[in-house]
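Undergrad: Following this message is one structure expressed as structure tokens.
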Amino acid sequence: MAVSHPGPARTDPPHAESKRARPRPRAASLRTRVWTAALFALSLAGAAHAARPSSIVPANQPVVGPQGTLEAIARGYRDRSVDSVAAHYTADWRFHTYGDTVIHFVNGVDRQYELGVLQTMFHGSIRGADTLRAPADSVGITMDGFREGVDPEHPDSTQHYQVVEVGRFEMGIRSGKTLLMTSSKKHVFHFVRGDVAQLVPGQPADSTRWYVRRWLEDVSGVLESLAKSAGNCGEPEAPVPGPRAGAAAPAASVALAVHPLMNPACAKLEVVCDLPERGPARIDVYDVGGRRMNRRDLTAAAPGRMTIEAGAGTKLSPGPYWVRVSQGKYAPATRMVLVAR
């Protein structure tokens, strides 16, 4: 089922952007780059894809769960309502985009910044008598090709956390006679159920609601970029602080953590793990869709830091991966690492 909200043209008056200065990210989102203006018909769910818009859903087949949340977000874009979109984003929400350099994909931007981007996208940017960016007359999104998977950060809690891959994502923004369009093959959304989510005031902590806590934009573009890059192997350019493998340290001074030696890394995916105690530990590698790609069992001779080839024993294609380390009673630690060719 497709999520499709082209939305009708509108003539609402523009709204002035907030005067509070917002930080600019080092990398521009796919949605906010300067696209080449083209005069196309606004038909995001065209015949080439034969996707039935889900804005008209049979009464006996309501869209619920994570896909229902995506439907509501697409409707918020169509209505150009920042509040309607924000209602489905958690307090710890992150948006991951790569812009001019893929390394910025790892950190992403936070909820507050993203809502500022939406304000400008929907209502333009006006300073005094100057229009820095014209408001949108209409905004449309199409999403289809859904695949549900395990959240790599919470693989043991599938009832409360879920990943949804969207196989096709398209967006169109019309402003006057200009239509800006973008499309990509894959986006990935991380969902959390309302009763365990980190919420902002006013959001219901309801077990029947699903919120987005992470959006990985244009994963297809990230894969293509990494496939053209050479991954670094060996010693890091800047040393990772702290003791090296097996160095003794009081257990209380070490928190379970995983750090990439290189980002992007080569296929052996070297990481440094901080282990709070001696004894067995485990390291897992998941792809962005929640598929486990590798597992390694380790033994720490003492609390401290170990350098581990998380990708040893398997072939990792270029792309983003989640590396998860667990030991004993401690809450597992997870980190996104990029793998290049």
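The values are calculated or read from the model by the stated rules, or taken from the named source; none is laboratory data. If you're wondering where the values come from, they're calculated on a predicted model, not measured in any experiment. Cβ sites come from the backbone with ideal geometry, for glycine too, and all protein chains shown count toward neighbours.
Undergrad: Does at least one position in region 189-205 carry a residue that is at pLDDT 95 or above and among the polar types (S, T, N, Q)?
TA: Yes; the residues of region 189-205 include at least one that is at pLDDT 95 or above and among the polar types (S, T, N, Q).
Undergrad: Which residue out of Ala72, Ala134 is in contact with a strand residue (DSSP E or B) (Cβ under 6 Å, 6 or more places away or on another chain) and small (Gly, Ala, Ser)?
TA: Testing whether each residue is in contact with a strand residue (DSSP E or B) (Cβ under 6 Å, 6 or more places away or on another chain) and small (Gly, Ala, Ser) leaves just Ala134.
Undergrad: Give the residues of region 70-92 that are outside any helix (DSSP H, G or I) and within 23 Å of Gly145 (Cα to Cα), sorted by residue number.
TA: If the condition is that a residue be outside any helix (DSSP H, G or I) and within 23 Å of Gly145 (Cα to Cα), then His88, Tyr89 are the ones that fit.
Undergrad: Only one residue in Asp137, Asp151 is of a type in the set (Asp, Glu), buried (at least 21 other Cβ atoms within 10 Å of the Cβ) and either assigned by TED's automatic domain parsing to the domain that holds Asp83 or at pLDDT 95 or above (or both). Which one?
TA: Going through Asp137, Asp151 in turn, the sole match is Asp151.
Undergrad: Still on this structure, please answer the following. So how many residues does region 87-125 have that are buried (at least 18 other Cβ atoms within 10 Å of the Cβ), within 16 Å of the chain's Cα centre (by Cα) and small (Gly, Ala, Ser)?
TA: Looking only at that region, the number is 1.
Undergrad: Return the pairs, sorted by first residue and then second, in which the second residue is part of a loop (DSSP other than H, G, I, E, B) and buried (at least 20 other Cβ atoms within 10 Å of the Cβ), the first residue lies in region 261-284 and is without any contact (Cβ under 8 Å) to a residue 60 or more places away in the chain and at positive phi, the beta carbons are less than 9 Å apart, and the residues are 6+ apart or on different chains.
TA: Gly279/Gln327
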